[in-house]
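Presented below is the structure to which this report refers.
The values are calculated or read from the model by the stated rules, or taken from the named source; none is laboratory data. This structure is a prediction, so every number in the text was calculated from the model and none was measured. Note: ideal-geometry Cβ built from the backbone for every residue, glycine included; neighbour counts use all protein chains shown. The protein model used for the area step is the full one, side chains on, heavy atoms only, and it has no ligands, DNA or RNA in it. Shrake-Rupley method; radii C 1.70, N 1.55, O 1.52, S 1.80 Å.
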Amino acid sequence: MSRFCTSRSGSRFRALASIVPSLIALVAAPCAFADLTVTNFQISRYSVSFDISGTVPVGVPGPGENGRGTLRLTRSTEDCTWFDSATGRRNDIVGPCCTPLDWIVDNTGSDGQWGMANVGTCTSNGVACYRVDVGCHPTYPNYSDWVNFFFGEVPAALQPGDTVSGHLQANFGPNVEMINLDTQSFSLSIGCVTIADNLQAPPPPGPTPTLSLSTSDETLQAGQAFTVTVAMNESTSALTGVQLAMHFDPTKLRLDAVAPVSGGPFALEIAEQISNANGTLRYGCGVSDSQSATGAAADLVTLSFTALSSESCGSAALVSFGTVSNTTTKFSLADTTSIAPVTTDLESISIDGTAPVLNNIPSNSSVATDAGSTYGAYFANPGVTVTENCGSLTATLLITYPNTSTASAWPSNGMFPIGTSTLVWSVTDAAGNSASETRTITVANYQLLDAAIALDGPFTNASTRSIRFIAGSSSQLLSVSLSGSPLASGSISSIEVPVASGYSCLSAKDPTHSITDTAAASVSGVRYAVSFALLQGDSNADDVVDIIDFGVFVGARGSGKALDAISNFNSDTVVNNGDFAYLSINFFEVGESCSGFTSGTPQARIRVKDLRRSGRGDLAIADINGDGWVDTADIALYMQGVEPRIPTAPVSTGTSEAVSW
């Protein structure tokens, strides 16, 4: 780059030339770069340094503090240099001077006229220097900011032809600070000769390297192996290795191994010291011969742990950075220095060796179909809950119905179909501990009926009667215990009846004592309920009370009878007039039928020979008047106290009596 020492005003240049002829050659000459080299330029808010070597160019003004022979650092935004005719001072027109964009300077230095402050020391290696000034002109606000490096003893500063080789560093004092470095560029000159131009402040340092910890599993079972990874973020620093000083809880964790991450930037293991007794780790690894320094984000080290049996729910800092025997965590840099990273400990992890517990699990159930339903039976949701060591969980439910279809929720109406359904509740916690319970619900293909029975008279003794119940296509003969006065009664529960949406007609009958009664069932809870009132007097099960039943009664009379013997209607031990009362009251009654068809027509009389032809010749004893008929006339005689006669066997005449049907 070339610069010409001409001002913006040609007339001003001519005036200067006429006043100071000796400077014409310098001022008119190009501002050529000197035969000096500047390297390693560094500038910060509080210091500036660089290496300089070479020869001071010929044509540089002589020594002195007025800018001649002085090494000066200025902003590169200056205009061309010119000299004040009165003072000979070199002035850099920029402006405004001393703004916050460049220097913050306390202008009360030793050189009050020029506002220059001795702000620090000038140290060098190979170049003599004694003072560093920073200043700006207080009278002329358009004068530039500068840094003057004075070498040797005044007036013996740098001379043309001097050989320079060394490192210069200026440390500014407490009253001087450079700001906004990222917007500035600088040039270095001696007089009008530019040594280096467009010098840039180094980029601001990158973020401090960080180390963080992450785990392969945040919730563990006792005895489970897991890993913790040490990772770094991206950094502008050239890193060649890492030293780790770490702590872990030895009551909950055991550190089994440490190794560089495969394919990571620090493949060379340098040192390892594990203490599971103390819960500490000291470890170092770095670049191998085939690797270079790096600042890229990467996983660095893998720590292999085993979770111990101690329960720990959400414990933080089970693995952390720290100091172990004066060893700290740090990175090594390419220049052999080190830097301490920002560290982040392992987040909370849990060790859970206990399986969850399922609560409110019901027992296996087997029930009848609900009365009034042809689908199945209702079951209330048991509200299964889970007890878990670490946190809260909800059980999952799988229902497999009899037709193999499935559901994951309790039926909204609570109804389960006829057949067997299988229910499985299960839960698994974050550590992998699990619990499961299986139950079955069986809905039988029948419904239940509760029946109440009342007879039409008292019982002397409690007795058990056989009662035939008919419900739809089902006919069952069941034992019912009966007792009491004035009406003997009893009940029977859980009669299994075919599945139906309802029963408008059911029937009941004591085959050896009563005629049939019918009744409609009502729904009571999940069962049907019905009540029957049975009229006694039917001893031959033809469902009518008539003359045949009188004949049976007469033949059954006597003592020592069973409580449920035929014609023993009042459940005592004799068949006598007490039982005859039921016949007389209910004579000619007919049993009821759900089908609408009656069982038959009661008979008022029957011939003795017809009784014999039907195999009931034993009933001929009821022919009290001996007229060959058993009829109401015989009933009347019995009621008058006439005892039945014992019939004799008929005398055979050798010829057969004609049968009249």
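Report the accessible area of residue 240, computed with a 1.4 Å probe over the heavy atoms of all protein chains in place, in Å² rounded to the nearest 10.
30 Å²
Report residue 396's accessible area, 1.4 Å probe, all protein chains in place, as a number in Å² to the nearest 10.
Using a 1.4 Å probe on the heavy atoms, I get roughly 80 Å².
What does the net charge come to around residue 231 if you take all other residues with beta carbon closer than 14 Å to its beta carbon, with K and R at +1 and D and E at -1?
-4
With a Förster radius of 41 Å, plug the Cβ-Cβ distance of residue 297 and residue 440 into 1/(1 + (r/R0)^6) and report the FRET value to the nearest 0.05.
0.10
Which lysines does residue 561 reach when only Cα atoms under 21 Å apart count, and residues fewer than 8 places away in its own chain are ignored?
Cα-Cα hits under 21 Å: none found.
Take residue 262 and residue 501, extend 7 Å from each Cα along the Cα→Cβ direction, and tell me the distance between the two endpoints in nm.
That separation, rounded to one decimal, is 7.0 nm.
What number comes out for the charge environment of residue 552, summing +1 per Lys or Arg and -1 per Asp or Glu over other residues with Cβ under 12 Å away?
It works out to a net charge of -4.
How large, in percent, is the carbon and sulfur part of the accessible surface of the range 345-409 at a probe radius of 1.4 Å?
Details: 1620 of 3390 Å².
About 48 percent, which is the carbon plus sulfur part of the accessible surface.
If each of residue 400 and residue 360 carries a label point 7 Å out from its Cα toward its Cβ, how far apart are those two points in nm?
Placing both labels 7 Å along Cα→Cβ, they lie 2.6 nm apart.
With θ taken as phi - 60° and the coefficients 6.51, -1.76 and 1.60, list the Karplus ³J(HN,Hα) couplings across the range 516-525 in order, rounded to whole Hz; mark glycine and proline as x.
6, 10, 10, 7, 8, 8, 10, 8, 10, x
What is the sum of charges, Lys and Arg at +1 and Asp and Glu at -1, for the other residues whose Cβ falls under 13 Å from the Cβ of residue 247?
Around residue 247, the charge tally is 0.
Normalised by the empirical 2.2 N^0.38 Å for globular proteins, what value does the Cα Rg of the range 483-589 take?
Compared with the compact-globule rule of thumb, the range 483-589 sits at 1.22.
In sequence order, what are the phi-derived ³J(HN,Hα) couplings for the range 621-636 according to the Karplus relation 6.51 cos²θ - 1.76 cosθ + 1.60 with θ = phi - 60°, rounded to whole Hz, with x for glycine and proline?
Rounded to whole hertz, the list is 4, 7, 7, 5, 8, x, 8, x, 10, 9, 8, 5, 5, 5, 4, 5.
At R0 = 35 Å, how high is the FRET efficiency between residue 639 and residue 481 if r is their beta carbon distance? Nearest 0.05 is fine.
The computed FRET efficiency comes out at 0.60.
Residue 252: which lysines have alpha carbons under 28 Å from its alpha carbon, excluding same-chain residues fewer than 8 sequence positions away?
Hits, sequence-local ones excluded: 330.
Quick check for me: using +1 on Lys/Arg Cβ and -1 on Asp/Glu Cβ, what's the dipole size of the range 351-473 about its Cα centre, in debye to the nearest 20?
440 debye
Report, by chain and number, residues whose modeled amide H sits under 5 Å from the one on residue 446, excluding near sequence neighbours (fewer than 5 apart, same chain).
Placed amide hydrogens put 369 under 5 Å from residue 446.
If R0 is 56 Å, what FRET efficiency do you get for residue 564 and residue 413 from their C-beta distance, rounded to 0.05?
0.75
Once amide H atoms are placed 1.01 Å from N in the peptide plane, what residues at a sequence separation of 5 or more from residue 239, or on another chain, have their amide H within under 5 Å of its amide H?
294, 295
Provide the per residue accessible area, probe 1.4 Å, for the range 548-621, rounded to a whole number of square angstrom.
Values: 3500 Å² over 74 residues.
Accessible area per residue: 47 Å².
For the range 246-399, take N as its residue count and report Rg(C-alpha) divided by 2.2 N^0.38 Å.
Details: Rg = 26.5 Å, N = 154, 2.2 N^0.38 = 14.9 Å.
Ratio of Rg to 2.2 N^0.38 Å for the range 246-399: 1.78.
Rank by packing, highest mean first: peptides 295-302, 474-481, with packing defined as the count of other Cβ atoms within 10 Å averaged across residues.
So the order, starting with the most tightly packed, is 295-302, 474-481.
Just to make sure I understand: if all protein chains stay in place, what is the order of 629, 410 by accessible area at 1.4 Å, largest first?
629, 410
For the range 413-430, what does the Karplus curve 6.51 cos²θ - 1.76 cosθ + 1.60, with θ = phi - 60°, yield as ³J(HN,Hα) per residue in whole Hz, taken in order and with x for Gly and Pro?
In residue order, the calculated couplings are 9, x, 8, 10, x, 4, x, 10, 9, 10, 10, 10, 9, 9, 7, 9, 8, 5 Hz.
So how strong a dipole does the range 204-278 carry about its Cα centre when Lys and Arg Cβ are +1 and Asp and Glu Cβ are -1, to the nearest 20 debye?
Values: 2 positive and 7 negative charges, 18 e Å.
Magnitude of the dipole: close to 80 debye.
Roughly what would the spin-label model give for residue 522 and residue 335, points 7 Å off Cα along C-beta, in nm?
10.2 nm
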